[in-house]
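What follows is a set of notes on a single structure, which appears directly below.
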Amino acid sequence: MHVPLNPSLAVDFCGLRLASPLVLLSGCVGFGEEYTRVEGFSNRDAGAIVLKGTTREPRLGNPAHRVYETPMGMLNAIGLQNPGADYVIDRILPTLDFTETAFFANVCGSTIEDYVEVTRRFDASPIDAIELNISCPNIKEGGVQFGNSPDMSARVVEACRRVTRKPLITKLSPNQTDIRENARRCIEAGSDALAVINTVMGMAIDVKTRKPVIGNIQGGLSGPAIKPIALLKVMQVAEVARPHNVPIIGQGGICGADDALEFIIAGATAVGVGTALFYEPHCCKRINDGIAAYLAANRMESVGELIGSLDAPKKSVQACAC
Amino acid sequence: MNNPGPAACSIDEKGRGRGAPPERRVHRDTIFVEDGRLLSQQQYPGEQFVIRIQAPQCAAAAVPGSFAHLTCNPERPMRRPLSLMRVDAKAGWIEILYKIVGPGLAALSQQPLGATISVLGPIGNGFSAHPERPRTLLIGGGVGIPPMVFLAESLKTRRAGTPWQPLVLMGSEIEFPFRARPSQILVPGVPNEAIACMPLLDDWGIASRLASFGGFPGCFHGYVTDLAAHWLASLDSQALGEVEMFACGPTPMLQATARVARRFGVPCQVSLEEFMACAVGGCAGCAVPVVQADGSLAMKRVCVDGPVFDANAVFPPQVS
């Protein structure tokens with residue numbers, strides 16, 4: 001007998017109950033209120049919103065141009081423009097409505113001490129979780145310099161772990177030799193979750209002027225162009241994270257429900273949406289509906305049944321792609 | 001960057017806020033997403049196009065200086081920010097002038113009539129004309145012409161309350177995106193050879209003049225900012241005290257406009273353009289340096305903090 005299902009989109013993430021697996025990614029939605037300018041957009045359609053990268057002191061960011069479209073993607077080099085941790089915590093967090101969704105901080109710094117100090121300040125705030133951005137490719141010091149070295153990544157995580165009991169998420173860079181080793185070290189250092197992946201480094205040249213289009217010369221590539229890269233990284237990291245019960249936010253080019261489902265099947269508990277918002281500000285509703293329809297069609301009651309359900313022969317995970 | 005300030009909001013036992021009070025959330029639901037329908041697309045020399053799109057929500061809320069963020073083609077999913085040239089709130093359409101500069105707008109130019117074009121808008125803070133300065137000098141360069149037409153039309157309809165005396169000066173190095181003709185309106189203070197105008201404005205009773213190095217008949221031979229300086233120099237101090245300038249166009253033109261405004265002691269607002277991703281304030285991809293009242297430098301987003309800024313704030317004297 002056909003039993004109609006009303007599947008739940010809610011996921012458990014580091015002890016937090018997210019109403020949807022969709023996470024709006026850091027740097028795409030400002031400090032949580034920006035997209036509410038758009039009629040019909042609601043923060044309630046996302047399980048969590050990651051606030052813009054925050055540093056100890058205010059940063060002006062990079063010179064123009066900061067964004068540029070490339071085939072099925074875009075480059076960005078914002079340079080972590082932000083008003084500093086004190087301003088974010090004292091002036092912005094009180095204006096957010098935590099009944100609408102969960103809010104995660106995104107912490108970045110030039111030194112380990114910077115990361116620790118900003119993490120400590122957010123620990124004393126109402127923020128729901130803290131994401132360590134050790135993978136930003138767009139600043140001269142810090143960021144990806146930590147994220148490309150498993151040793152340095154682990155040191156940042158370990159130091160921040162000591163100053164917070166909030167869920168700690170480490171955002172991993174795809175711009176490194178072995179993301180699995182980095183993931184393992186971050187987990188051992190106390191990371192509660194992993195965000196996979198940050199943008200892929202790239203550039204564009206204006207052939208008329210022979211100058212780089214991006215003011216920072218190089219930028220981070222996002223959007224559908226990087227989805228296959230991100231998906232593979234999520235699957236690889238999931239192999240490392242699963243035995244430790246460490247959840248993953250899979251991200252990179254997710255535009256539709258099928259994209260999100262792929263990441264969940266590959267092992268992500270939550271899925272990030274960023275560049276797709278720029279294409280279609282209302283995409284969260286559509287993706288949520290699509291995930292729910294898929295779950296119902298496959299007679300699943302929750303997203304949890306789908307996480308990591310990839311049916312892949314072991315040999316497909318080999319390093320050689322020849 | 002938002003500057004919400006300390007908020008009076010309720011806090012739960014975990015210290016979590018329940019948001020700012022409604023009066024602090026006036027930004028919410030101010031930008032619309034519509035499936036616009038392409039009503040017309042008119043091509044002009046130099047790969048310039050004027051398109052009209054049915055987008056009633058955008059049309060109803062737009063102000064001079066607003067722009068819309070359009071999906072040009074699903075194969076190029078990043079939107080393109082384009083200034084609004086005219087809107088008809090009653091009929092529900094918006095009109096835009098653009099010039100092909102890359103594959104996105106090239107794709108837009110290929111869209112057939114009736115095509116669906118996603119319109120995100122209206123976006124941005126518009127120009128604000130002050131009644132105590134009714135001699136409004138509007139300067140548009142190239143694809144910076146559209147907001148000047150919008151502002152001029154707005155001043156025309158607001159004439160009842162204030163004796164606005166707009167003068168619109170337009171510059172272009174390629175043919176203008178309209179068929180210029182000799183003006184029926186006398187403008188004291190502009191060189192005698194400058195007689196060409198934008199017919200639409202002339203028909204509205206709004207004075208306009210054209211400038212170009214292209215040798216087009218009836219146009220002032222030179223920069224549009226030189227034409228502006230020519231006119232400003234003809235005014236006495238009392239008349240200068242009634243002038244306010246508004247400009248949109250390429251950055252060098254805006255810098256020159258800021259210099260002219262300073263030279264004559266006239267307040268000036270400029271509309272900037274920059275590459276954009278979200279256009280709603282989320283990504284800070286369009287931020288530009290702006291000098292604040294206290295002299296400090298801040299990065300402001302062209303999309304929602306602008307696109308209109310005080311000329312001295314974005315082109316301070318030492319830079320421009």
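The values are calculated or read from the model by the stated rules, or taken from the named source; none is laboratory data. If you're wondering where the values come from, they're calculated on a predicted model, not measured in any experiment. Don't worry about glycine lacking a Cβ; one is built from the backbone with ideal geometry, like all the others, and counts go over all protein chains shown. Areas reflect the complete protein model, heavy atoms only, side chains present, ligands, DNA and RNA absent. Shrake-Rupley method; radii C 1.70, N 1.55, O 1.52, S 1.80 Å.
If you check A:D289 against the conditions, is it modelled with pLDDT of 95 or more, surrounded by 20 or more Cβ atoms within 10 Å (Cβ to Cβ) and closer than 24 Å to A:S20 by Cβ? So A:D289 fails the test.
Only one of the numbered conditions (1) over 14 Å from the mean Cα position of the chain (by Cα); (2) within 13 Å of chain B (Cβ to nearest Cβ) is not met by A:Y115, and that is (2). Applying the criterion of being more than 21 Å from A:G219 (Cα to Cα) and touching a residue at least 60 places away in the same chain (Cβ under 8 Å) to the residues of the range A:88-112, the residue that is farthest from the chain's Cα centre (by Cα) is A:T95. Checked against the criterion of being of a type in the set (S, T, Y), in contact with a Cys (Cβ under 8 Å, 6 or more places away or on another chain) and surrounded by fewer than 23 Cβ atoms within 10 Å (Cβ to Cβ), the candidates A:T95, A:T99 yield just one match: A:T95.
Of the residues contained in the range B:290-301, one or more are found to be outside the structural domain of B:T71 (by TED's automatic domain parsing), at negative phi, in contact with a Cys (Cβ under 7 Å, 6 or more places away or on another chain) and not in a helix (DSSP H, G or I). Of the residues that sit in the range B:1-59 and are closer than 30 Å to A:I78 by Cα and in a helix (DSSP H, G or I), which one is modelled with the highest pLDDT? Across the range B:1-59, the extreme among qualifying residues is B:C58.
Residues considered: B:C248, B:C268. Of these, the only one that is touching a Pro at 6+ places or on another chain (Cβ under 7 Å), under 27 Å from B:T162 (Cα atoms) and modelled with pLDDT of 95 or more is B:C248. Scanning the range A:37-57 for residues that are in contact with a helix residue (DSSP H, G or I) (Cβ under 7 Å, 6 or more places away or on another chain), surrounded by fewer than 24 Cβ atoms within 10 Å (Cβ to Cβ) and within 11 Å of chain B (Cβ to nearest Cβ) yields one hit, A:N43.
All conditions but one from (1) open to solvent by 10 Å² or more (accessible area, probe 1.4 Å); (2) at the interface with another protein chain (Cβ under 7 Å from one of its Cβ atoms); (3) not in a loop (DSSP other than H, G, I, E, B) apply to A:F31; the one that does not is (3). Applying the set (1) farther than 23 Å from B:V63 by Cβ; (2) within 13 Å of chain A (Cβ to nearest Cβ); (3) not β-branched (V, I, T) to B:C278 leaves exactly one unmet item: (1). Being touching a helix residue (DSSP H, G or I) at 6+ places or on another chain (Cβ under 6 Å) and either in a loop (DSSP other than H, G, I, E, B) or within 14 Å of chain A (Cβ to nearest Cβ) (or both) is a property that B:G65 has. Selection of the range A:58-80 for residues being of a type in the set (S, T, Y) and facing chain B (nearest Cβ under 8 Å) yields only A:Y68. Residue selection: A:I187 satisfies the criterion of being of a type outside the set (G, A, S), farther than 20 Å from A:V23 by Cα and crowded, with 19+ Cβ neighbours inside 10 Å. Across the range A:190-206, which residue is farthest from the other protein chains (Cβ to nearest Cβ) among those that are open to solvent by 10 Å² or more (accessible area, probe 1.4 Å) and farther than 18 Å from A:M74 by Cα? That would be A:G190. For the range A:255-289, what are the residues that are of a type in the set (V, I, T) and within 13 Å of chain B (Cβ to nearest Cβ)? If the condition is that a residue be of a type in the set (V, I, T) and within 13 Å of chain B (Cβ to nearest Cβ), then A:V273, A:T275 are the ones that fit. Take the range A:88-104 and flag every residue that is assigned to a strand (DSSP E or B), at pLDDT 95 or above and of a type outside the set (G, A, S). A:F103, A:F104, listed by residue number.
Residues are listed down the side, and each one gets a yes or a no for (1) under 21 Å from the mean Cα position of the chain (by Cα); (2) closer than 21 Å to B:M299 by Cβ; (3) not in a helix (DSSP H, G or I):
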{"site": "A:R44", "(1), (2), (3)": "yes, no, no"}
{"site": "A:K52", "(1), (2), (3)": "yes, yes, yes"}
{"site": "A:R56", "(1), (2), (3)": "yes, yes, yes"}
{"site": "A:P63", "(1), (2), (3)": "no, yes, yes"}
{"site": "A:E69", "(1), (2), (3)": "yes, no, yes"}
{"site": "A:D86", "(1), (2), (3)": "no, yes, no"}
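Among strands (runs of 3 or more DSSP E) entirely within the range B:79-138, having at least 1 residues that are away from chain A (no Cβ under 14 Å) and surrounded by 21 or more Cβ atoms within 10 Å (Cβ to Cβ) singles out B:80-83, B:86-88, B:93-99.
So which of A:Q218, A:Q251 ends up being open to solvent by 10 Å² or more (accessible area, probe 1.4 Å) and within 17 Å of A:M74 (Cβ to Cβ)? Checking each option against the conditions leaves just A:Q218.
Comparison of A:E39, A:E113, A:E57 shows that the only residue that is of a type in the set (D, E) and within 27 Å of B:D29 (Cβ to Cβ) is A:E39. For the range A:266-281, the candidate set comprises residues that are in contact (Cβ under 8 Å) with a residue 60 or more places away in the chain and more than 12 Å from A:L24 (Cα to Cα); within that set, the residue that is surrounded by the most Cβ atoms within 10 Å (Cβ to Cβ) is A:A268. Any chance the range A:3-10 includes a residue that's within 24 Å of A:R242 (Cα to Cα), among the polar types (S, T, N, Q) and away from every other protein chain (no Cβ under 11 Å)? Checked against the condition, which is being within 24 Å of A:R242 (Cα to Cα), among the polar types (S, T, N, Q) and away from every other protein chain (no Cβ under 11 Å), the range A:3-10 yields at least one hit.
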